[in-house]
Each structure stands twice: as C-alpha cells, then as structure tokens.
Amino acid sequence: MKLLVDAGNTRIKYTIFQTGKFSTIHTVSTGNLTPELSADVIAKITGCLIASVKQSDAILAVIDWCEKHNIPIQQLHSTEHHKGLINSYPEPRTLGVDRWLAMLGAMKLFPSTSLMVVDAGTATTLDCISQQGKHLGGWIIPGIALQMSTLFDKAEKIHGEPVAINNIALGNNTSMAVSQGALIVTLGLIEQGVKLCAEQGLKPHVILTGGNADYVSQHLALEHHVDPALIFHGMSQYC
C-alpha cells in the first residue's frame, strides 16, 4: 500500500494506491493527513511517493508527517527516461515533475498512441508525445484564473470580475470580455497544438487533467478524454 502525494501550485492532493487501484482522492491545504487517514490505514502504508513542483511549507509538513509515522519517502523528479517515456529537455530534471508524471499517466492509459496532455490548473501546460514515447516538447501559459486576475489586478483601466462562461461569444462588458478571452486563449492553445502535430503527421489523442479540465472540456470541440487522476496514474509507474 503506497501513499501518493501531489503538491501542486495551490493545493495538495493525495490517494492510497493498492493492488492497481486508487482510493478516494483527497485535497488538503496543509501537510497534516491524519484527519483523513485512520490509524489502521496509516499502519499499512509501506511508502510515500511525493511529487512537488516546489518545496513549500505544506510539502515539508507532509515529509515531517511521514517521518513521524515511520513511512519511507521517495520524492519524484523528471528523468531522462522512464517506462518508455523519453524526456526532450537537455536538462531532464528541469521539466516540471507534474508534467512528467501526467505524461507517464497518459502513456499508461493509452499505450502506443501519440498523445497531447493538457494540464489546466494554476498554469495551463501542454505536452506532446509521439507514438514511440518521445516527448516532443510543450507550451506553458497562465491558467484561466491567473489570466483574468492578472488583467484585473495589474491593468489600471480594466475593471471587472471573473464570469462563468456557458457558451463562446463576444463579450459586451469587461468582465465577460476578459472571461471569454481567457477561455479562448486556452482553447486556442489546444487547437494550435493539434494543428502543429498534424503538420508533423501526428494525430494525437487529447487528454485533459487539472482543476479546470471539466470547464475546458465543456467548450472544447475536439475529441478528447478527461482524467482528474492522471498524475496519480503516472506516480503509480514508480510503485
């Protein structure tokens, strides 16, 4: 039984992995996992795998929690290759581990397939993988909420607040215009990625994950798949 911990930019998610299955995915704001995990479960955990995009106080608290419960810790990092995935970065470890694990998860679910992995969270990342498992590179843009907050907070003459989008349309007020624009930028990123892959003879299967995945999915016309646990599928490749 392994404890899998994903520490993103804004929240910590974790699940228990046992015999090829995940337990309920929990989200916490601190590194104290005890309220959600019973003493019986804690006693059966044989190791903790941690994926962290930064060494925050919360993730240090998770490490401290594991040490108090005598649970061995393995912090995951991007490497040159793993389980058939080949890293395209000249310095492999500089590729964000969240992106690396999401790609590993996608390859586990859809083997021998060209893939486009879109993680729509605080940042929106896009990564392409060839049918042979080679990472072809990717893009990073601010996430939908970050795009909007940057304009509202930093642009002196742009005033408004985020608005939920039900359908793509031209905005007739500032709040709607900014909210529509942030979504359009995200959709355009994905569509342009598919177009670029097509120019290289690839027809990637698009997979969405991250906190905004369902929201993006509602408006994305391309065929795609949504999996909120994609990073945990990737982490399971180290179990």
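No lab work stands behind these numbers, since they all come straight from the coordinates. Note that the structure is a prediction, hence the values are computed from the model and not measured. Because the Cβ atoms are built from the backbone with ideal geometry, glycine has one as well, and the counts that use them run over all protein chains shown.
Values as computed for the structure displayed
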item	result
DSSP loop GluC sites (Glu not before Pro) with at most 16 other Cβ within 10 Å: longest gap in the chain	1-79
Stretch gain in nm, segment Leu170-Asp57, where the contour uses 0.36 nm per residue and the Cα spacing is subtracted	36.5 nm
Relative contact order (%) - the chain, alpha-carbon pairs under 8 angstrom, separation at least six	18 percent
3J(HN,Hα) from dihedral phi, region 99-107, Karplus parametrisation 6.51/-1.76/1.60, rounded to Hz, x for glycine, proline	5, 4, 5, 4, 5, 4, x, 5, 5
Estimated vicinal HN-Hα couplings, Hz - region 161-168 in sequence order (Karplus 6.51, -1.76, 1.60; Gly, Pro = x)	8, x, 10, 5, 9, 8, 8, 5
Length released on extending from Asp214 to Gln131, taking residue separation times 0.36 nm less the Cα-Cα span	27.3 nm
Bridge type composition, the chain - antiparallel percent by DSSP, nearest 5	60 percent
Cα gyration tensor shape for region 1-143, rounded if a/c is under 1.5, else prolate or oblate	prolate
Cα-projected label distance for Gln75 with His205, points at 7 Å along beta-carbon direction, nm	3.4 nm
Whole-Hz couplings from phi, Karplus 6.51/-1.76/1.60, listed for region 66-75; x for Gly and Pro	5, 5, 5, 9, 6, 9, x, 10, 10, 8
Built amide H within the under 5 Å cut-off of Ile12, gap 5+	Val28
For the chain: span of alpha carbons on each principal axis (Å, largest first)	57, 42, 30
Dipole magnitude of region 147-239 about its Cα centre (Cβ charges: Lys, Arg +1; Asp, Glu -1), debye to nearest 20	140 debye
Separation of alpha-carbon centers, region 160-189 and region 91-142, rounded to whole Å	26 Å
Stretchable slack from Thr24 to Lys154, in nm (0.36 nm times residue separation minus alpha-carbon distance)	42.9 nm
